[in-house]
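Below you'll find the structure, written out as structure tokens, and then a few comments.
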Amino acid sequence: MSIKRPSDLPSSAITPESLYFDRRGFLAAAGALAISAALPGCASADDDPKATGTPFGLQKDDRPTPWADVTNYNNFYEFGLEKTDPAANSGAYKPTPWAVTVDGMVEKPARYQLEDFLKPSKLEDRIYRHRCVEAWSMVVPWRGIPLADVLKRAAPTGQAKYVMFTTVFAPDTMPGLRAPVLTWPYTEGLRLDEAMHPLVMLATGVYGRDLPNQNGAPLRLVVPWKYGFKGIKAINRITLTDKMPDTAWNLAAPDEYGFYANVNPEVDHPRWSQHKERRIGEFAKRPTLPFNGYAESVASLYAGMDLRKNF
Ligand code: MTE
């Protein structure tokens, strides 16, 4: 009888989460928060008993959601409406080669190949809470670049007030586009000052690997204080504009999905409460936090705004 050492195991037998954390040299026994504390920029909530969270908003009992859930419980309607559809139906979709256009009210519009688009920035690992409007949540170790890097390079003109994002339209490989459930291509938007906030990422990876197709390969938006539908996937256009952009969910149901979509336990969805959420993999529900736990960093963006009206 022989004991298998990790190097003997096929890579498929090693879960990406253990690979991800091992590569960073963490002890297997370390708790998830200790792990996050060792990542660049992640302080532990244990450091300061008064702290409500870390710069990346993790709370004491946040644990990274396993890879299997992050990559098999998805919303990506271009591949179907069920949570397992994106993983099951995205095999033919090709995220390489990939071009990204940055245009609109900018001094330096350009069309980049993805490699050139990313090159000036340093890829960063950040673990964020991820709260879907459907009242489930995850904790996801993303990899990506600050959106602000891309916007600064494009040099927005004085007129630019909003940023619009557009998903690729690829009917040959996205079977969900045949159903008129949303206005295709999927679009999303942020106010320019929101978009410049350092927490906002353009993610290219999860658990230190390139994004799987179902998670929005090769480039998706991550805005951790907003509901998950703002996290538009498979982005191939970023447009600066002076008008609040039309967004896929706001067009589909304006009374249910606002432009701002800041996580807010005090503003219910018309068909369900937003007070609690079910963390995928957990049984008991946990309370939803204002701005998903990132209020300290982002509440000032909305000073003086009626957040019931601007939901
Ligand atoms: N982006 C596109 N292009 N199409 C979509 O259907 N769904 C959104 C968002 N981005 C969606 C999308 C919704 S509703 C959520 S909750 C998140 O993606 C889910 O991201 P995840 O599957 O990586 O958890």
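The values are calculated or read from the model by the stated rules, or taken from the named source; none is laboratory data. What you see is a predicted model, and the numbers here were worked out from it, not measured in a lab. Don't worry about glycine lacking a Cβ; one is built from the backbone with ideal geometry, like all the others, and counts go over all protein chains shown. What goes into the accessible areas is simple: the full protein's heavy atoms, side chains included, and nothing from ligands, DNA or RNA. Shrake-Rupley method; radii C 1.70, N 1.55, O 1.52, S 1.80 Å.
Using the Cβ-Cβ distance between Ala88 and Leu19 with R0 = 25 Å, the FRET efficiency computed as 1/(1 + (r/R0)^6) comes to roughly 0.55. For the range 173-311, the solvent-accessible area of protein heavy atoms averages 41 Å² per residue (probe radius 1.4 Å; ligands and nucleic acids excluded). For the set Lys60/Lys233; Lys161/Lys230; Lys60/Lys276; Lys243/Lys276; Lys83/Lys243; Lys83/Lys276, the pairs lying more than 22 angstrom apart at their alpha carbons are Lys60/Lys233; Lys243/Lys276; Lys83/Lys243. Gain on full extension, evaluated as 0.36 nm per residue between Glu115 and Ala284 minus their Cα-Cα distance, stands at 56.6 nm. Over what distance in Å are the Cα centres of the range 174-213 and the range 77-117 separated? Going from one Cα centre to the other spans 8 Å.
Taking the empirical scaling 2.2 N^0.38 Å for compact globular proteins as reference, the chain has a Cα radius of gyration ratio of 0.99. Within the range 142-225, the trypsin sites (Lys or Arg not before Pro) that combine a DSSP coil assignment with at most 16 other C-beta atoms in a 10 angstrom radius are Lys161. Taking the DSSP beta bridges with both ends in the chain, the antiparallel portion is around 85 percent.
Were the residues from Asp210 through Val181 laid out at 0.36 nm apart, the gain over their Cα-Cα distance would be 7.6 nm. Shown for the chain: the carbon plus sulfur share of the solvent-accessible area, taken with all protein chains present and a 1.4 angstrom probe, equals 56%.
Extension gain for Lys152 to Trp272 (0.36 nm times residue separation, less C-alpha to C-alpha distance): 39.3 nm.
Taking label positions 7 Å along the Cα-Cβ direction at both Asp103 and Lys60, the computed distance is 5.2 nm, reported to one decimal.
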